[in-house]
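Rule-based calculations on the coordinates, nothing more; no lab input. Note that the coordinates shown come from a computational prediction; the quantities given were computed from them, not determined experimentally. Here the Cβ positions follow ideal geometry from the backbone for every residue, glycine too, while neighbour counts run over all protein chains shown.
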Amino acid sequence: MPADLLPATQYDPAHRGGTLRLAADGPGGTIDPAINYQSEFAQLFTVTYDGLTTFRKARGRASDEAIADLAEALPEPLDGGLTYVFHLRRGIRFSDGREVRVADVVASMRRLFIVHSPTSGSFFGSIVGADACLRDSSHCTLPGVIGDEAAGTITFHLTHPDADFFDKLAFPHASILPADTPLHDLGNDAPPTTGPYRFVSYNPNSQLVMERNPFFHVWNAEAQPDGYADRIVYTFGVPDEAQVTAVENGQYDWGFDNIPLDRLGELGDRFTAQTHIEGLYAIYYITMNTRLAPFDNVLVRRAINYAVNRHAISILYGGTAISQPLCDMTPPGIAGHVGTCPYTKGADLDHPAPAWAAPDMERAKQLVEQSGTRGQHITLIISNRAAEQAMGAYLQSMLTELGYKTSLKAITNDIQFNYIQNTNNRVQIALTDWYADYAKPSDFIYDLFSCTSFHPGSDASINITGLCDPGIEALMDRAGVVSVTDRARGAQLWADAGRAIQALAPTAPLIQIDRVNVVSKRLGNFFTTDLYHLLFSQVWVR
């Protein structure tokens, strides 16, 4: 079997026990799995919570596929893809001892809309009644989700077919929680879990602790295998530079934040046995607010795309061995990747190049002059991590060269992503990243640019650009429907949507990235998946 299709390894009880020690610069925000949209805590939710479906916990491409989890099997679509009937597994208990029931599933899906989950519209807007819930969450009934406790079934009725419905149900936002879970953001108080671990304590200022769920048993090892470590302790307030040193010295087993550029050399020279490169469906990009000057002018947005030196960004991230220039928002490896670049020297929207080659500062300056925005003030928002600060300094210089009065504002990484989403903060332009929720084009296109993903005044407005284009919306909707029966044709339509977004330029894609991981000498069975990254339940500590 090819290496990229290897299944999860056989569980070895001999490695059971011990404490896995993790570190991060800051906490990942709320512990509520229906609301949190940070990859830092998504890794934790995958070993604590379960949905009706999940992604196979296996290495490489085998992990891209959604499989049954709390559901007994993936149901066949009925009514031309408008109806799905799931059968709930019996005998699964929450960490407080209560059995998981059909009512918990129905209530969890409704709660997504009531608590304004970031993906309630973009992922689950096709459920009958979702539109009413999005308009008025306080009176949400979500009639498209029907439970039958006696039969053990949950029926979903959709307004239109959705080729990625199983994938969306597999994301942690659709985790099944007890029916009596409060209808508000739980903050630091975790609800009962179903996976091999439960949350014991969480203090965002210091530490998070997880221990074994005493009621967990393996029902499907591909969906939710047992864990090795008895305890997982996540310490916050450890800067990225300090994380590397502490892991090298064995004080921690792994650090969440990206490795600073100035530390990569020593890892390759002195810590090769502890260093791993992980392929990702992940990108860095510039997001521009299409509703605020000067980025409400498409000429300015195109100018940024022409001006940015993607090779320089790649070097600042860590070099061409772990990053590649990118011109569209769907990375290679995902169906619908456009694969051409209109924003490079010698190319334009009518004559795109096969790949990015070099910036075109002359054309960028011409576009700025045509826009009449030269001399305006811009504030660029970045994360305070080392790599982002280096990229931010370069981007500030680039914007200044284009003729803008540019300020740079660095924000703590654990709040930066939420900050740039909220329209109340009036963010003009920001540097950010995006990691795939699932390995389909809709996650990079629909989630980030659909009208349903734009929520003014909310920290959970994933469409940071504010773009809402009826033509692109219709094209994305068609791509989603066509993909149900014809994935190849659907991918072509997603690529068409990607090109339409390129033309409006609400973002400037920069690079696709891999991740460098350094682990302690005592960590064994280094286990990563495309979507979960380091799978905490499957590594062991010696």
Within the chain, which DSSP H helices have Cα atoms that stretch 20 Å or more along the helix axis and a mean Kyte-Doolittle hydropathy of at least 0.0? 386-401
What ranking do 478-486, 163-171, 72-80 get when scored by the average of other Cβ atoms within 10 Å per residue, highest first? 163-171, 478-486, 72-80
Radius 12 Å from Cβ of PRO359, net charge of other residues (Lys, Arg +1; Asp, Glu -1): +1
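Just the number, please: Stokes-Einstein D of segment 206-317 in µm²/s, Kirkwood Rh from C-alpha pairs, 25 °C, 0.890 mPa s.
131 µm²/s
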What does the extension gain come out to for ALA355 and ARG478, with contour length at 0.36 nm per residue minus their alpha carbon separation? 41.5 nm
Pairs of Cα atoms under 8 Å, at least six residues apart: use those to get the relative contact order of segment 282-513, whole percent. 33 percent
How many nm is it between the label spots at ILE415 and ASP230, if each spot is 7 Å from the Cα in line with the beta carbon? 3.8 nm
Which of GLY375, TYR435, LEU510 sits farthest toward the positive end of the charge dipole of segment 282-513, with +1 on the Cβ of Lys and Arg and -1 on the Cβ of Asp and Glu? GLY375
Segment 133-262: C-alpha gyration tensor shape, a/c 1.5 cut-off, then a/b vs b/c: prolate
What net charge is computed for the residues neighbouring ALA73, neighbours being all others with C-beta under 13 Å from the C-beta of ALA73, Lys and Arg scored +1, Asp and Glu -1? -3
Per the Cα gyration tensor, segment 282-513 corresponds to an equivalent ellipsoid with semi-axes, largest first in Å, of 25, 20, 18
Using the basic label-point model (7 angstrom from Cα toward the beta carbon), what is the LEU183 to ARG135 distance in nanometres? 1.8 nm
If packing is taken as the average number of other Cβ atoms within 10 Å across a peptide's residues, how do 454-462, 349-357 rank, most packed first? 454-462, 349-357
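Any idea what diffusion coefficient segment 413-485 gets from Stokes-Einstein, in µm²/s, Kirkwood Rh on alpha carbon pairs, 10 °C, 1.306 mPa s?
My calculation gives 120 µm²/s for D.
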To the nearest 20 debye, what charge dipole does segment 282-513 have about its Cα centre, counting +1 at the Cβ of each Lys and Arg and -1 at the Cβ of each Asp and Glu? 380 debye
Residue among PRO225, ALA14, TYR317 farthest towards the positive dipole end of the chain, charges placed on Cβ: TYR317
Take each of the peptides 425-437, 359-371, average the number of other beta-carbon atoms within 10 Å over its residues, and list them starting from the highest. 425-437, 359-371
If you place +1 on the Cβ of every Lys and Arg, -1 on the Cβ of every Asp and Glu, and leave all else neutral, what size is the dipole of the chain about its Cα centre, to the nearest 20 Debye? 640 debye
Gyration tensor (Cα) of segment 386-436, equivalent ellipsoid semi-axes in angstrom: 20, 14, 10
With the convex hull built on the Cα atoms of the chain, state its orientation-averaged projected area in nm². 23.3 nm²
